[in-house]
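Here the structure comes first, spelled out in structure tokens, and everything after it is commentary.
The values are calculated or read from the model by the stated rules, or taken from the named source; none is laboratory data. Because the structure is predicted, anything quoted here is derived from the model rather than measured. Neighbour counts run over all protein chains shown; Cβ positions are idealised from the backbone, glycine included. Surface areas here come from the heavy atoms of the whole protein model, side chains and all, with no ligands, DNA or RNA. Shrake-Rupley method; radii C 1.70, N 1.55, O 1.52, S 1.80 Å.
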Amino acid sequence: MAITASGKSRRGVSTLASSTEGFADGAGAAAQFSFPRDVAVDSSGNAYVGDTNNHLIRKITPADRIEDRVVSTLAGSGTEGFANGTGNTAQFEDPYDLAVDSSGNIYVTDSDNHRIRKIEYKVPWQRRDGSSCQCDIF
């Protein structure tokens, strides 16, 4: 909400991230989603998105300007299916609704798998191949 010179409040709509349909991690408008369905926000201001047609859970970091917001893939391989696992080894089929609890765990309605999934957030660590892992999916 913005306050105008006259002291009245004004609400505005702005884009958090993305500009076209597809898949791309990246900053601001360079990021792409395919039918994002739901957004849940954690206590740090990170937004989590069910990227339905990409079969992914995406994370948007908070920032004032769109150019400074970064979209990354939190969980999912990008291939529809069902698999529990860590990070990109997990699979979803049309993730839809999301919720975040006070511990930072993310709950996902994995609609075409007919399941409610839990993503347990963990402190990021480095794998031997240099990639990072932040979560386990159950």
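Restricting to the stretch 73-85, and then to whatever is in a strand (DSSP E or B) and surrounded by 15 or more Cβ atoms within 10 Å (Cβ to Cβ), can you tell me which residue is modelled with the lowest pLDDT?
In the first step, residues of the stretch 73-85 are kept if they are in a strand (DSSP E or B); the result is 73-75, 83, 85.
From the residues that got through so far, the ones that are surrounded by 15 or more Cβ atoms within 10 Å (Cβ to Cβ) too are 73-75, 85.
On the way: Thr73: 94, Leu74: 92, Ala75: 93, Gly85: 87.
The residue in question is Gly85.
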Inspect all residues belonging to the stretch 58-70 and state whether any of them is in contact with a Phe, Trp or Tyr (Cβ under 8 Å, 6 or more places away or on another chain), of a type outside the set (Gly, Ala, Ser), farther than 16 Å from Ala30 by Cα and part of a strand (DSSP E or B). no
Would you check if there is a residue in the stretch 1-17 being of a type in the set (Val, Ile, Thr), part of a loop (DSSP other than H, G, I, E, B) and out of contact with any strand residue (DSSP E or B) (no Cβ under 6 Å at 6 or more places or on another chain)? yes
The stretch 21-44 residues that are under 16 Å from Asp97 (Cβ atoms), paired with ones that are of a type in the set (Val, Ile, Thr) (beta carbon under 6 Å, 6 or more apart): Phe35/Thr52; Pro36/Val49; Arg37/Thr52; Val39/Val49; Ala40/Val100; Asp42/Val100
Scan the stretch 99-113 and give yes if some residue there is surrounded by 15 or more Cβ atoms within 10 Å (Cβ to Cβ), more than 23 Å from Leu16 (Cα to Cα) and of a type in the set (S, T, N, Q), otherwise no. yes
For the stretch 18-30: of the residues being assigned to a loop (DSSP other than H, G, I, E, B) and either of a type in the set (Lys, Arg) or touching a helix residue (DSSP H, G or I) at 6+ places or on another chain (Cβ under 6 Å) (or both), which is modelled with the lowest pLDDT? Ser19
Looking at the stretch 31-40, can you tell me whether even one residue there is charged (D, E, K, R), open to solvent by 20 Å² or more (accessible area, probe 1.4 Å) and either touching a strand residue (DSSP E or B) at 6+ places or on another chain (Cβ under 9 Å) or at pLDDT 95 or above (or both)? yes
Where Val49 falls short, out of the listed (1) at pLDDT 95 or above; (2) surrounded by fewer than 19 Cβ atoms within 10 Å (Cβ to Cβ): (2)
